[in-house]
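Okay, so here's the structure we're looking at.
The values are calculated or read from the model by the stated rules, or taken from the named source; none is laboratory data. These numbers come from a predicted model, not from an experiment. Methodologically, a virtual Cβ is constructed for each residue, glycine included, from the backbone with ideal geometry; neighbour enumeration extends over all protein chains shown.
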Amino acid sequence: MFPRIKRDPHRLTFGHGIRIMHRPNRPPTVLSRAGSLLLGAILLLLPGALVAQAPASPSPVPAPALPGPTAAQIASIDSIFAEWDDPRAPGAAVAVTRDGRLIYSQGYGSAQLEHLIPVTPVTVFHVASVSKQFTTFAIALLARDGLLSWDDEVGDHIEEFPDFDRSITLRHLATHTSGVRDQWELLRMAGWRLDDVITRDQILRLMARQQELNFEPGSAYLYSNMGYSLLAEVVERVSGQGFDEFLQERVFRPLGMHRTHVHSDHQMVVPGRAYSYAPAGEGHWRKAVLSYANQGATSLFTTVEDLARWIGEFEEPLVGDPELWAEMRERAPLTTGDTANYALGLQIGSYRGLRTIGHGGADAGFRTNVMHFPDERIGVVVFGNASNFNAAGSARAVAEVFLDAQMEPRVVATGQGGGAQEGGDIAEPPTPSPAQLAEYEGTYYSVELDSWYRVRLVDGELQLAHPRHPDATLRFIEDDRLQGGTLRTLEFSRDTTGAIDGFRAGGGRVLNLRFERIADPAG
């Protein structure tokens, strides 16, 4: 049995692991943002206190202390994460900000099950797509510097970007309206596993092979991680610095985010990091391996307390400015006249009647969410390291602890109304004869993936086979349209003689991917 660690409900955790005892009748002291950023530098100078120093400039006047959560609020937050408050299971970390300053943070469960290392507010997590807002912020800084524009064509900065005979801008990439296909879906289709080592160069080579888009740029919204890998590449080529180097200099160090970096080297040792896990039966876990060696779309490593400092930038910009942040929050207009609920690396929405700005993330077993309520000036950061952890739901629940009285009532489904809808008959899928099924057998190659699949007739069923994927049964939806396996939906085409000459595959974040029928490469 493991000893149960009792948590004092009045103990708050502030930046860099400094813990302050919050007594109900005595509010905690909270430094101003500027004061907290100076604290680390002051402490570093203490060993040299005997050395003569120039007269110090007047210290900034600390902002008034912010009230921390009550004991009841802390108990409510603990109850949200109670399932994960177990040293034998993966865990979670949470931070809450008010007016851009940290008022509470806590950790639950284990960061590394192998060594039973607990999650704390300064545990370093891979935060997946929460990374994207930093990529767009880097582009925004370069735009403010006059080195590029959001409306620059991608090809102006990345010469190997394919010529799609369409205008595709940096803004299109940032708002997922470019039509560029998603890198993870393409890699899966090409036979990669997402626990493979996937480098930025491999992603760029895959990008350079693309010949078609999902849709006309600007006409629709469809999430594409490829766009953000390209934006990170633009940052490097325009700034002349590495992506992490640029962000360290312009964002992380100025904001005091000292435990944050872009983790583009999968072999890099990171002290105090969490690993991710997936459930493997009652009370058991297995590692969810992540070996990314790429950047822009993902791969930010940070802590909930560092992200709380970033939310402070939302409220009182120190490295950005109000005009820059207004553009960051502007939802993307579409050529159809609609507007996407996505801005520049930020999801714009609402929860129970209150406006929200933020983003979620999911890679391997990491689940992350940042939620900011700009009108109420409350922010919530939640990270977890189990694939079945609900980061978004937990962030909403924590927000309710502080904002429930200001929120609209929850909508409860009654189960009434919504009677049966009238519609046409559902077409029965075709049942081809064995001879007709045999027409589909063959080998099919995609130039854009540099990969091939075989369609085989096995025991009266068509099977889709790839060297790195399990065989999958193909089911008919209608004539020449089948479904199954990694390629999702396959729409076969025929030549002028009626013989099948290929198919287009896709679904989700990859559409219209062409495969040509070829001679069997095995002979």
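Observations on the structure shown:
- Restricting attention to region 482-519 and to residues that are in a loop (DSSP other than H, G, I, E, B) and either aromatic (Phe, Trp, Tyr) or touching a residue at least 12 places away in the same chain (Cβ under 8 Å) (or both), the residue that is farthest from Pro470 (Cα to Cα) turns out to be Ala499.
- Residues of region 386-414 that turn out to be under 28 Å from Asn294 (Cβ atoms), out of contact with any Gly (no Cβ under 6 Å at 6 or more places or on another chain) and not hydroxyl-bearing (Ser, Thr, Tyr), as a count: 4
- The number of residues in region 278-317 that are hydroxyl-bearing (Ser, Thr, Tyr), in contact with a Ser or Thr (Cβ under 7 Å, 6 or more places away or on another chain) and closer than 25 Å to Tyr223 by Cβ comes to 4.
- Top-ranked residue of region 196-234 - restricted to ones that are within 20 Å of the chain's Cα centre (by Cα) and acidic (Asp, Glu), ranked as surrounded by the fewest Cβ atoms within 10 Å (Cβ to Cβ): Asp196
- Some residue of region 461-473 being under 30 Å from Asp163 (Cβ atoms), within 34 Å of the chain's Cα centre (by Cα), charged (D, E, K, R) and not assigned by TED's automatic domain parsing to the domain that holds Arg205: no
- Any hit, region 441-461, residues being of a type outside the set (Lys, Arg), over 30 Å from Ala208 (Cα atoms) and surrounded by 17 or more Cβ atoms within 10 Å (Cβ to Cβ): no
Every residue, every condition in (1) outside any helix (DSSP H, G or I); (2) exposed (fewer than 14 other Cβ atoms within 10 Å of the Cβ); (3) small (Gly, Ala, Ser), yes or no:
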| position | (1), (2), (3) |
| --- | --- |
| Ile311 | no, no, no |
| Gly320 | yes, no, yes |
| Trp325 | no, no, no |
| Glu330 | yes, no, no |
| Gly337 | yes, yes, yes |
| Leu344 | yes, no, no |
| Ser350 | yes, yes, yes |
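- Filtered residue count, region 268-298, keeping only those that are more than 16 Å from the chain's Cα centre (by Cα), part of a loop (DSSP other than H, G, I, E, B) and surrounded by fewer than 24 Cβ atoms within 10 Å (Cβ to Cβ): 13
- Every residue from region 332-379 that is among the charged types (D, E, K, R), in contact with a strand residue (DSSP E or B) (Cβ under 8 Å, 6 or more places away or on another chain) and either closer than 19 Å to Arg396 by Cβ or not assigned by TED's automatic domain parsing to the domain that holds Ser149 (or both): Arg355, Arg367, Asp375, Glu376, Arg377
- Of the strands (runs of 3 or more DSSP E) lying entirely inside region 84-195, those containing at least 1 residues that are modelled with pLDDT of 95 or more and surrounded by fewer than 22 Cβ atoms within 10 Å (Cβ to Cβ) span 92-98, 110-112.
- Filter result for Val370 (among the hydrophobic types (A, V, I, L, M, F, W, C), within 25 Å of Ala89 (Cβ to Cβ) and surrounded by 17 or more Cβ atoms within 10 Å (Cβ to Cβ)): yes
- Pairs where the first residue, in region 148-165, is under 17 Å from Gln211 (Cβ atoms) and the second is polar (S, T, N, Q) and part of a loop (DSSP other than H, G, I, E, B), C-beta under 7 Å, 6+ apart: Pro162/Gln210; Pro162/Gln211
- Of all residues in region 289-313, none satisfies the criterion of being modelled with pLDDT under 95 and within 15 Å of Val251 (Cβ to Cβ).
- Count of region 379-393 residues which are surrounded by 24 or more Cβ atoms within 10 Å (Cβ to Cβ) and either of a type in the set (Val, Ile, Thr) or outside any strand (DSSP E or B) (or both): 6
- Any hit, region 65-81, residues being outside the structural domain of Met257 (by TED's automatic domain parsing), in contact with a Gly (Cβ under 6 Å, 6 or more places away or on another chain) and more than 27 Å from Glu330 (Cβ to Cβ): no
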